[in-house]
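Here the structure comes first, spelled out in structure tokens, and everything after it is commentary.
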Amino acid sequence: MDSREYAFEGQRPDIHGYAHVSREATLVGDVTVEANANVWPGVVLRGDVGPVRVGRESAIGDNATVHASEVGEKAMVGHSAVLNDTTVEDGALVGFNATVSDAVIGAGSIVAMGTVVPPGYEVPPESFVRGTPARVTPLSETSIDPEAVFEAFHSGDYANLADRHEELFGGPRANGDDSGDAA
């Protein structure tokens, strides 16, 4: 067992056999990381007052903190972002150094770097969020090409990069769970 995976009140992290979790990440309590997700160095996933879920093919960037939050499938959480009691729906991107607390980020939305999303926000799907405090604009009203952004940041390159970092991620999971498909 990785020395950075800790039980809390009987709950232990559950890491899928095809997930990539850095040896330098810290996972506490009720944490689930699904297939083909990747969790980079310095990340803290803390499931104590509520569960933490990281969906299939999602990426949690270096030094991010995810507390009592859910990250959907094919979502991206950038370096040093902070999520507290938050839901990030499928295909959303939370940029570097963004802070999101007690909020919902709708599917396919983009939260810009450094944005502060205060408690109570419910960002509609396919929105662009920026500023401190956050302002929400439908992506259709911006010049942003969301497909290009998501292709650039979630094209599978992160999963491929994680595969190439064999020493950082320690190869196949020690728990031997290889029950899911690797696609």
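Some points to look at:
- Footprinting exposure proxy ranking of T87, T115, fewest other C-beta atoms within 10 angstrom first, gives T87, T115.
- Note on the range 79-127 and the range 23-68: Cα centroid distance 15 Å, given to the nearest whole angstrom.
- For the chain, relative contact order (Cα pairs under 8 Å, six or more residues apart, normalised by length) works out to 16 percent.
- The antiparallel fraction among DSSP beta bridges confined to the chain stands at about 10%.
- Relative contact order of the range 16-61, defined on C-alpha pairs under 8 angstrom at six or more residues apart (%): 40
- Max mean-square fluctuation residue, GNM over the chain, Cα-Cα springs under 10 Å, options V82, V100, V136: V136
- Per DSSP, loop chymotrypsin sites (Phe, Trp or Tyr not before Pro) in the range 65-133 with at most 10 further Cβ within 10 Å: none
- Answer label for mean projected area of the Cα convex hull in nm² (calculated), chosen among (1) 21.6; (2) 16.3; (3) 9.4: (3)
- Residue order for M76, M113, fewest other beta carbons within 10 angstrom first, comes to M113, M76.
Read the figures in this text as sums done on the coordinates, not as results from a lab. Because the structure is a prediction, the values reported are computed rather than measured. Every residue, glycine as well, gets a Cβ built from its backbone with ideal geometry; the counts of neighbours run over all protein chains shown.
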